[in-house]
Each structure stands twice: as C-alpha cells, then as structure tokens.
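Trainee: Got a structure for you, written out below as structure tokens; questions coming shortly.
The values are calculated or read from the model by the stated rules, or taken from the named source; none is laboratory data. Values in this document were obtained by computation on a predicted structure and should not be read as measured data. In this analysis, Cβ positions are derived from the backbone assuming ideal geometry, glycine residues included, and neighbour counts consider all displayed protein chains.
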Amino acid sequence: MAVITGFTGSPALPVIERDNCTECGLCTRVCKSETLTMVKGQVEINPASTLGCIGCGQCMMVCPAGCLTVEGRGVSPQDLINIPGPELRATPGQLEALLLSRRSIREFDEREVSREVIDKIINMASSAPMGIPPSDVEILVLQGREKVQAFAEDMVQSIVRSKRFINRFTLPLMRPFIGKEAYDLFMSFVIPVFEAFPRLRREGIDWLLYDAPLAMLFHSSPYADPVDSTVAATYAMIAGESLGLGSCMIGTISPVLKYDRKVKSKWGIPLKNQLGIVVIFGYPDVRYQSAIRRRFRKVVFA
Ligand SMILES: Cc1cc2nc3c(=O)[nH]c(=O)nc-3n(C[C@H](O)[C@H](O)[C@H](O)COP(=O)(O)O)c2cc1C
C-alpha cells in the first residue's frame with residue numbers, strides 16, 4: 001500500500017546496485033518509511049513496508065557509493081543535482097539581513113515582472129518541503145497588471161455576492177454556531193473590509209491586490225497537507241525578496257474563493273483543491289528607512 005496523493009497512488013521503486021553497495025546502512029537510517037532496512041548487515045528493500053516508498057529520494061541523495069536509485073512518484077535519478085558549495089550559501093547574517101529587510105509591499109512602480117524572474121521564483125519555491133512527496137502544490141500565475149486586475153474584479157464581485165450571506169445582520173444569528181472568536185474577527189475585520197473592497201474599487205482603488213504586476217495563488221490537491229501551499233508561498237516570497245522584488249501575502253482571497261465554484265472554474269482551479277494563499281509581487285515604489293524588531297506573542301521552553 002502506498003500513500004495516496006493527488007499525483008499518484010503507487011509507491012516509488014528503490015533499486016540497489018549490489019556490486020557497488022558497501023552496506024554502510026546510511027540509506028536505511030534516512031528512510032523513515034521502513035522501505036529500506038538493515039537485515040543481518042545487508043540493506044534490504046521491503047516492498048510491503050508500512051507506507052510504501054514515498055519517493056522522498058533521501059536514500060539516493062545520501063548514498064556515498066551512488067548505487068541507489070529511486071524511480072516513480074515523479075522522482076528519478078535525473079533529478080539529482082549537485083549540492084551548492086558552502087561559498088554559495090547565505091550565511092546566517094546574510095539570511096537574517098534578507099529576512100529583516102523584507103516588508104509587505106503594497107506600492108509598486110510601473111515595471112512588469114519578466115517571465116525569467118517568475119521562473120526563478122517558482123524554481124526556488126519548488127524546493128519547499130511538503131507533507132508527503134511529490135508536491136501536490138499548484139500555482140495559478142497571474143502575470144501582468146491586466147490579468148491581475150481581471151482576477152481582482154472577479155474576486156470583488158465574489159465578495160459582493162458573499163455579503164448576501166455574511167453581513168452585519170446575519171452574523172449575530174450565526175454567533176452561537178461560529179463561536180466568539182470567529183464572530184469577533186468577522187465583525188471587526190472581515191465585514192468592514194468586505195464593505196470597503198467594492199466601494200474603493202468603484203473609486204478606482206485596488207485595495208485587494210494593490211495594482212501589483214504579478215500575483216500567484218498557491219493551492220493544492222485535497223490529498224495534500226493543508227499548509228503545503230502556504231509553505232511554498234512563503235518560500236516564493238523570500239525568493240522574490242532575493243530577486244529585488246517586493247511582495248505581500250493576501251489572505252482575503254481564499255476564504256471567499258473557496259465557495260465560488262464559478263470563479264474557481266473560470267481560473268482553472270480544480271473545484272476540490274484546497275486554497276492556500278495569494279502572494280503579490282512587483283518592484284517596490286517605496287523605500288523604508290528602517291527595519292523593525294518583531295516578536296512572537298509567546299515562546300515557551302517546556
Ligand atoms: C497569512 C497572511 C495574510 C495576509 N493578508 C493580507 C491581506 O489580505 N492584505 C494585506 O494588505 N496584507 C496582508 N498580509 C500582510 C500583513 O498585513 C503583514 O505581513 C503585516 O502587516 C506585517 O507587515 P510586514 O510583512 O511588513 O512585516 C497578510 C500576511 C499574512 C502572513
């Protein structure tokens with residue numbers, strides 16, 4: 001039995017080239033699906049393991065003799081690439097500088113984002129971890145202001161439709177079912193912004209996607225871990241930052257789009273897919289004079 005994902009229900013297949021295997025056992029240490037195990041000093045492949053080979057590829061990446069290959073579930077030995085040398089890696093100081101310099105950017109200059117840069121973002125973000133390989137994350141890329149605005153218009157109309165069901169009058173009736181916290185959030189945030197989006201759009205202000213030249217909606221198959229697409233989106237943001245772009249996560253889209261089958265279909269999003277988050281990108285039109293030290297609400301060392 002293999003772990004079923006949106007991609008496949010079949011296990012991957014590890015193959016050991018016995019002539020070169022030194023039986024060091026490293027592959028069995030990194031394999032946590034119990035597909036590769038050490039039996040009497042020899043690496044054994046157990047096709048009937050608990051999860052089946054999920055195709056994470058860790059065994060072929062760790063094998064010092066290069067005698068282990070994994071094929072299937074979208075992975076193959078052709079995917080192996082050299083690990084970038086230490087001189088190419090960001091130091092902790094460089095990484096902290098990048099993270100501290102990032103701001104949510106909502107003011108963009110006129111420049112569009114080229115296809116080459118978009119491909120770099122996607123390529124870097126695709127290195128993000130996922131609950132179970134292979135990645136079930138999908139990205140809807142809205143390249144160019146025209147596309148982004150067409151999507152923004154659809155979403156504002158969707159928000160207008162959702163207001164028929166969720167508004168200042170219906171919400172008090174829903175309170176016993178949705179709980180205090182959700183009620184507070186809706187009353188103090190969701191309803192006011194849902195009222196503002198269409199009003200501002202009529203005034204020519206895009207308060208939803210901020211006239212960005214690029215937007216990406218990260219979503220995933222219903223089999224994926226619900227946070228997979230948000231993890232990938234976070235990687236994409238950081239990738240964008242390294243490429244000189246500003247970005248901002250937009251959380252207001254998914255909760256509305258989730259219930260709008262028509263708009264989902266129009267933009268090619270499978271109806272059953274889980275919606276993660278939208279990230280907008282563009283070249284910043286503002287320069288910040290300082291960064292800010294933020295803190296988590298609570299950190300407990302148990
Ligand atoms: C999950 C998530 C959803 C967000 N949604 C929105 C949004 O819909 N609109 C917006 O303008 N900013 C949105 N933001 C950006 C936050 O407002 C921003 O991260 C926060 O104000 C801190 O600012 P900073 O990113 O510059 O540190 C979102 C951020 C996250 C992480």
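Trainee: For a quick check of your reading of the model, give me the residue pairs whose first member lies in the range 244-255 and is without any contact (Cβ under 8 Å) to a residue 12 or more places away in the chain, whose second is within 9 Å of the ligand (Cβ to nearest atom) and among the basic types (Lys, Arg), with beta-carbon atoms closer than 6 Å and at least 6 apart or on different chains.
Mentor: none
Trainee: Continuing with this model, one more query. State all residues of the range 269-289 that are within 14 Å of the ligand (Cβ to nearest atom) and either surrounded by 10 or more Cβ atoms within 10 Å (Cβ to Cβ) or in a strand (DSSP E or B) (or both); if no residue qualifies, say none. Explain how you work it out, then say what you get.
Mentor: First, the residues of the range 269-289 that are within 14 Å of the ligand (Cβ to nearest atom): 275-282, 284, 286-289.
Residues satisfying the conditions are LEU275, GLY276, ILE277, VAL278, VAL279, ILE280, PHE281, GLY282, PRO284, VAL286, TYR288.
Trainee: A follow-up question, please. When you check ASP211 against the structure, is it closer than 30 Å to PHE7 by Cβ and acidic (Asp, Glu), yes or no?
Mentor: no
Trainee: Moving on. Just to verify a result, which residue in the range 160-197, among those that are without any contact (Cβ under 8 Å) to a residue 24 or more places away in the chain and in a loop (DSSP other than H, G, I, E, B), is nearest to PRO255 (Cα to Cα)? Outline the logic, then answer.
Mentor: Within the range 160-197, the subset without any contact (Cβ under 8 Å) to a residue 24 or more places away in the chain is 164-165, 168-189, 192, 196.
After this cut, where a residue has to be in a loop (DSSP other than H, G, I, E, B) as well, the list is 164-165, 168-170, 179.
Numbers: ARG164: 15, PHE165: 14, ARG168: 18, PHE169: 20, THR170: 18, GLY179: 17 Å.
This residue is PHE165.
Trainee: Here is a further query. Would you mind listing the helices (runs of 4 or more DSSP H) fully within the range 1-119 where at least 1 residues are in contact (Cβ under 8 Å) with a residue 60 or more places away in the chain and within 16 Å of the ligand (Cβ to nearest atom)? Outline the logic, then answer.
Mentor: Numbers: elements: 26-30, 58-62, 92-101.
Ranges flagged: 92-101.
Trainee: Looking at ILE292, ILE250, which is the one that is outside the structural domain of GLN149 (by TED's automatic domain parsing) and within 11 Å of the ligand (Cβ to nearest atom)? Walk me through how you get there before you give the answer.
Mentor: Numbers: ILE250 fails: outside the structural domain of GLN149 (by TED's automatic domain parsing).
ILE292 is the lone residue from the list that is outside the structural domain of GLN149 (by TED's automatic domain parsing) and within 11 Å of the ligand (Cβ to nearest atom).
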